[in-house]
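The values are calculated or read from the model by the stated rules, or taken from the named source; none is laboratory data. Since we're looking at a predicted model, the values are computed, not measured. Every residue, glycine among them, receives a Cβ derived from its backbone with ideal geometry; neighbour counts consider all protein chains shown. Each accessible area value is taken on the protein alone, full model and side chains, heavy atoms only, with ligands, DNA and RNA left out. Shrake-Rupley method; radii C 1.70, N 1.55, O 1.52, S 1.80 Å.
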Protein chains: 2
Amino acid sequence: MAGFTTENHQLLSKIAMTDQHGENSPYFDGWKAYDNDPFHPTENRNGVIQMGLAENQLCFDLIEDWIKKNPTASICTIEGVNNFKDIANFQDYHGLPEFRKAVAKFMGRVRGGRVTFDPDRIVMAGGATGANELIMFCLADPGDAFLVPSPYYPAFNRDLGWRTGVKLIPVICHSSNNFQITKEALEEAYEKAKEANIKVKGLIITNPSNPLGIVLSKETLRSVVSFINEKSIHLVCDEIYSATVFSLPNFVSTSEIIQEMECINRDLIHIIYSLSKDMGLPGFRVGIVYSYNDAVVSCGRKMSSFGLVSSQTQHLLASMLSDDEFVGRFLAESAKRLAKRHKIFTEGLEQVGITCLKSNAGLFCWMNLRQLLKEQTLEGEMELWRVIINNVKLNVSPGSSFECNEPGWFRVCFANMDDATVEVALKRIRQFVRCQRKEGEAVTGKSSWRLQKNLRLSFSSRMCDEGFMSPRMGSPHSPIPHSPLVRARN
Amino acid sequence: MAGFTTENHQLLSKIAMTDQHGENSPYFDGWKAYDNDPFHPTENRNGVIQMGLAENQLCFDLIEDWIKKNPTASICTIEGVNNFKDIANFQDYHGLPEFRKAVAKFMGRVRGGRVTFDPDRIVMAGGATGANELIMFCLADPGDAFLVPSPYYPAFNRDLGWRTGVKLIPVICHSSNNFQITKEALEEAYEKAKEANIKVKGLIITNPSNPLGIVLSKETLRSVVSFINEKSIHLVCDEIYSATVFSLPNFVSTSEIIQEMECINRDLIHIIYSLSKDMGLPGFRVGIVYSYNDAVVSCGRKMSSFGLVSSQTQHLLASMLSDDEFVGRFLAESAKRLAKRHKIFTEGLEQVGITCLKSNAGLFCWMNLRQLLKEQTLEGEMELWRVIINNVKLNVSPGSSFECNEPGWFRVCFANMDDATVEVALKRIRQFVRCQRKEGEAVTGKSSWRLQKNLRLSFSSRMCDEGFMSPRMGSPHSPIPHSPLVRARN
């Protein structure tokens, strides 16, 4: 077969032949490293631990309990099969009325009941991925741009831009003010685009932020809404992590802010939602576009034909999300468990002096490893990342893949594994940092954290430290010699 | 809210503001008529009967039985809930390996076991709608064209062209040879496009044909494959009705044909599949792209992120389609029931001299009502269609919405209802035709079928004939007077 030959180049579309799906980034490379050698607590203890995937695995027991107690909620039980025909046959792109109603109610509840959502504005799409693409198709033409505060979710390049032709322009945020979005940064990005003759059609924000794990303050949101309203450009608010807020300050949705502000053109406001993160159900592909613009609702509904939620799944979730008692318990317990996991994880890092951006939401931390960089550049970051992936065997995601322009930040997911795996991951990180420190001391004679030139060998030494052995690198019979420097200190 | 104001025009994308979603056609208008006044056997006996929707409702009992006997196949039963976490969490765009394997096997079986499909080439999409769009995004740039033999599925305009910018060019087929696709017609359409400086990237065929309900012969398929191979353009074979073939000749897939032909560039061949028609599961949104082109498989898989099949649904179907005994029984019984329904329906039409194109597949007939047209034009067709929708209260779809260039053809679906509803529909059609004949005789004094000028009034007369009463038109106390001409004859 021809594969990617010149001939195929002519045969296929430009979209097919570009790299704009964005999958040639370290973010996805890390996944591949995990796929090739996945950690398993008994069968592959030295495999790669997946910390690059923002999954929420902490509350499945609650959902499973609910399922056991609610057999009529499914069309595939003796108790529920009478609904099979009607549900399996249902393909109306408006979605099951009970599903839209339940999702709208759930969205309101997650936002503290301070705002209500109209089921008739709930537009379905195939996960947040599909929802984000759908809203771009509605709002922007190829070549138009959306501003995105950086650091931002790496797959936005694919989701928002690959097939739509929409360009993403980073709004540069800085660690000096905890990566907050400022009006100045927005104006700067907007003006720069204007100078380059690029039409800016809108701004997309994630709140709670992915990858920062922080909620946007009311002040920031007001400033953002004012900005887009003045410019008459769209605001897309990706709020798919809204129920992952586990401590104060509370989550505030843009929906709330526009209730409080006057003279805002609501036709510019659109919310993206999903159940992949908040409920931990990414396989179910529930993506929602909630727009305050009638024309967008109407157009989006037609587009949702390309990525409807399976009616089997709609039916189940309609029941589950309508159960007020369950929803209340789930949200409370989920926040509690996330808070606990976050505490264990960040405190585990602090034992070796590693800090994360202070956060209260999300399924990840924004970890600061600047002190471990050989050089304070993006190349230095990539070098460190390769060591972490290949030697420490943790798939974490480097800041550069989030378009962060300060080197040394990494997103580390902590909710997609069990307690024991978190401990293994923490142990590895601590070993690694301690080794680096020791080696730094040995090499320079002072207490600085520096990597040696031969990073791989350098790190292989850590295995002597706490007895960790990888079958692939540095077993007692490994042909790769341990670092004599560190060996001498053990 | 602004709605479709000029301001909104500037705010939204060109895609959002065009009519190219194709929903302003009689095909969809008919659905709206049904939605506004749906027939119900007890609660709304005079409502509109939906004959515009190609659903397969004849075999749900078999599926329901299987579900009752296989509780472990679902993640929402006591027996299957242990798999809930792993499945709900599964979002790999390759799809569950067991799902791809089961679908590939099922596809082979539907094609008589004469061809096998490689699970690694199974790419998921959101229904056939999503699959058809996905393949266009892979193969063609905005402004490029695909040839489509007419009559063709009305929603192709939306599915293939709306967001991709791909143009559809009809290949005109004629009733004189039963709408077969000829090499001459293909060449003519191709040359015409070339003259207009339009780049033709491929040809899409539906086999079995929607709306014709016929299978393409080996000769036609060979000729089609030769044509695209000579031109070095793609062939997209939409085979979503492959298991609806209910009598001879058997279905032959393009996959089979390319096994037999030499020197065919397989990089040009792509199959679209779905379980919406063959299994009657449109709500489950299972769309499949099966490409023989490695680059398309690779690119398509990345695109499938926008419309993955719910993992809950993948898991269930993996089990169901792996059950050889069930699949065999289902396919045999489904064909038997479709054959019976088709026979009842076509024979019911023949009682009043209405014929359909001879067919052996699909969930519809291609009904010839030329004799009822007031004038042999597309306007005449629309006039008749409006009477059928509004007065006979059957949602059938006019040929013009399928780009058929001969007036008087209508697609009528027969498998989306129960036996009793078919009888009501047939009764209405027969009454209508008899009324027309009587009125024609009364008006002209000879036995011709002609509609009177005041169609609505004219048809309201039919209600006297067999005692049928609509609460909305022509009850005994209706303000609309019955036609005195027909009354005189009752």
Would you call A:G112 at pLDDT below 95 and either more than 14 Å from every other protein chain (Cβ to nearest Cβ) or part of a helix (DSSP H, G or I) (or both)?
yes
Scanning the stretch A:285-308 for residues that are open to solvent by 10 Å² or more (accessible area, probe 1.4 Å) and more than 7 Å from chain B (Cβ to nearest Cβ), the one farthest from A:I240 (Cα to Cα) turns out to be A:S298
Could you tell me whether the stretch A:318-336 includes any residue that is within 22 Å of the chain's Cα centre (by Cα) and within 11 Å of chain B (Cβ to nearest Cβ)?
no
Check off (1) at the interface with another protein chain (Cβ under 10 Å from one of its Cβ atoms); (2) over 21 Å from B:V297 (Cβ atoms); (3) open to solvent by 30 Å² or more (accessible area, probe 1.4 Å); (4) of a type outside the set (A, V, I, L, M) for B:E55 and give me the number that stays unchecked.
(3)
Restricted to the stretch A:75-97 and to residues being more than 24 Å from B:G130 (Cβ to Cβ) and part of a helix (DSSP H, G or I), the residue most open to solvent (accessible area, probe 1.4 Å) is A:N82
Extreme residue, farthest from B:S74 (Cα to Cα), among residues of the stretch A:30-45 that are surrounded by fewer than 19 Cβ atoms within 10 Å (Cβ to Cβ) and either in contact (Cβ under 8 Å) with a residue 24 or more places away in the chain or hydroxyl-bearing (S, T, Y) (or both)
A:R45
Listed by first then second residue, the pairs whose first member lies in the stretch A:372-392 and is at positive phi, whose partner is not hydroxyl-bearing (S, T, Y), with beta carbons under 7 Å and at least 6 positions apart or on separate chains, are none
Return the residue satisfying two criteria in turn: it lies in the stretch A:16-41 and is modelled with pLDDT of 95 or more and more than 14 Å from chain B (Cβ to nearest Cβ), and of such residues it is nearest to A:A361 (Cα to Cα).
A:F39
Output the residues belonging to the stretch A:340-360 that are within 21 Å of A:D418 (Cβ to Cβ) and open to solvent by less than 30 Å² (accessible area, probe 1.4 Å).
A:R341, A:H342, A:F345, A:T346, A:G348, A:L349
Anything in the stretch B:130-176 that is open to solvent by 10 Å² or more (accessible area, probe 1.4 Å), over 14 Å from the mean Cα position of the chain (by Cα) and either more than 10 Å from chain A (Cβ to nearest Cβ) or within 21 Å of B:S397 (Cα to Cα) (or both)? List them, or say none.
B:G143, B:P149, B:K167, B:L168, B:I169, B:P170, B:I172, B:H174, B:S175, B:S176
Return yes or no: is A:E239 surrounded by fewer than 24 Cβ atoms within 10 Å (Cβ to Cβ), charged (D, E, K, R) and at negative phi?
no
Working only within the stretch B:197-224, note down all residues that are of a type outside the set (S, T, N, Q), touching a residue at least 40 places away in the same chain (Cβ under 8 Å) and assigned to a helix (DSSP H, G or I).
B:V224
Taking B:I264, is it within 14 Å of chain A (Cβ to nearest Cβ), open to solvent by 10 Å² or more (accessible area, probe 1.4 Å), of a type in the set (A, V, I, L, M, F, W, C) and in contact with a Ser or Thr (Cβ under 6 Å, 6 or more places away or on another chain)?
no
Looking only at the stretch A:357-371, which residues are in contact (Cβ under 8 Å) with a residue 60 or more places away in the chain and among the hydrophobic types (A, V, I, L, M, F, W, C)?
A:L357, A:A361, A:L363, A:F364, A:C365, A:W366
Can you find even one residue in the stretch B:115-135 that is β-branched (V, I, T) and part of a helix (DSSP H, G or I)?
yes
Checked the stretch A:112-129 for anything in contact (Cβ under 8 Å) with a residue 40 or more places away in the chain and open to solvent by 10 Å² or more (accessible area, probe 1.4 Å); matches are A:G112, A:R114, A:F117, A:D120, A:R121, A:A128, A:T129
Screening A:L384, A:L363, A:L331, A:L317 for residues that are of a type outside the set (F, W, Y) and open to solvent by 10 Å² or more (accessible area, probe 1.4 Å) leaves only A:L331
Report yes if some residue within the stretch A:268-283 is within 14 Å of chain B (Cβ to nearest Cβ), in a loop (DSSP other than H, G, I, E, B), surrounded by 22 or more Cβ atoms within 10 Å (Cβ to Cβ) and among the polar types (S, T, N, Q); otherwise report no.
yes
Please verify whether the stretch B:294-312 includes one or more residues that are over 25 Å from B:A131 (Cβ atoms) and touching a strand residue (DSSP E or B) at 6+ places or on another chain (Cβ under 8 Å).
no
Subset of the stretch A:387-427 (residues that are touching a helix residue (DSSP H, G or I) at 6+ places or on another chain (Cβ under 9 Å), more than 26 Å from A:N157 (Cβ to Cβ) and open to solvent by 10 Å² or more (accessible area, probe 1.4 Å))
A:K393, A:M417, A:D419, A:E423, A:K427
Candidate set from the stretch B:3-15 (those that are at pLDDT below 80 and open to solvent by 30 Å² or more (accessible area, probe 1.4 Å)); member that is nearest to the other protein chains (Cβ to nearest Cβ)
B:F4
